[in-house]
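The values are calculated or read from the model by the stated rules, or taken from the named source; none is laboratory data. Bear in mind that the values here come from a model prediction, so they are computed numbers and not experimental data. Positions of Cβ are generated from backbone atoms using ideal geometry, with glycine treated the same way; all protein chains shown enter the neighbour counts. Each accessible area value is taken on the protein alone, full model and side chains, heavy atoms only, with ligands, DNA and RNA left out. Shrake-Rupley method; radii C 1.70, N 1.55, O 1.52, S 1.80 Å.
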Amino acid sequence: MKLLTSLLRASLDSLRDLTPVVLVVVFFQFLVLRQPLPDHMGLVDLGVGLVYVVLGLTLFVKGLQLGLFPIGEDLAYAFARKGSLAWLLLFSFALGFGTTVAEPALIAVANKAAEVVAAGGIIPNDIENQSRFAFQLRMVVAVSVGSAVVLGVLRIFKGWPLHYLIIAGYVIVLLITTVAPEEIIGIAYDSGGVTTSTITVPLVTALGVGLASSIKGRNPMLDGFGLIAFASVMPIIFVLVFGLVLT
């Protein structure tokens, strides 16, 4: 009964969060553009789709609260108690790499980027080369996020100032952008955004907060966050370098 009540409350929260999006779409569709729905879509289909979105968002958020956040924090506590920095860094890299490989947004962007790059003549325009490019791009981004999480964990251990590292990262991005091929720049910048999505963010955030909570002298509020910032800037650097190597 308690779980049902919690799910109902979460469903209402999800519906509230989605309401502005629905209102914007309805306003521009019917009042500004004054166009009917597509032929293959009716009001019933729209309503059913909205219900699916609400249910999916509700279950996703609830799953994070029940599973991913607790296990991420528990793993951080366990590695901190174990006292082995090498194992912790290896786990951090594997966590960042594994979650990024599984990111649906990255898969979609990599496939689309392969099509565009092939159309631009950078790689041969066939299915095999497009698949290879998409796979290579995903691996480059996954390695970059793994490296970013390792850097974030080291920052928590050493107490390095977050803002200096982030500023240095974006300075490197700007410098490499000046020499990177134009065709890869947009892909690189988008790669930094799609990595911080549904799978990576919960686990990496939980790892940072749990680690900062378990290390003496570290404040979860000040030191536990910031790993996602590294996971945003590092892929840009790696993909820009990947573009330089590719061309």
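Observations on the model:
- Computed over protein heavy atoms with a 1.4 Å probe, the accessible surface of the chain works out to 56 Å² per residue.
- Mean ellipticity per residue at 222 nm, deg cm²/dmol - from DSSP H runs of n ≥ 4 across the chain, formula -39500 (n - 2.57): -26500 deg cm²/dmol
- Accessible-area composition of the chain, carbon plus sulfur, in percent [1.4 Å probe]: 71
- Net charge of Cβ neighbours under 13 Å - reference Leu137; Lys, Arg +1; Asp, Glu -1: -1
- Under 16 Å from Lys82, Cα to Cα: aspartates and glutamates that are on another chain or at least 8 residues apart: Glu73, Asp74
- Of the whole protein surface, Arg16 contributes about 150 Å² of accessible area at a 1.4 Å probe radius.
- Net length available on complete extension from Leu66 to Glu183 is 37.9 nm, with 0.36 nm assigned per residue and the Cα-Cα distance removed.
- The relative contact order of the chain, computed from alpha carbon pairs under 8 Å that lie at least 6 residues apart in sequence, is 25 percent.
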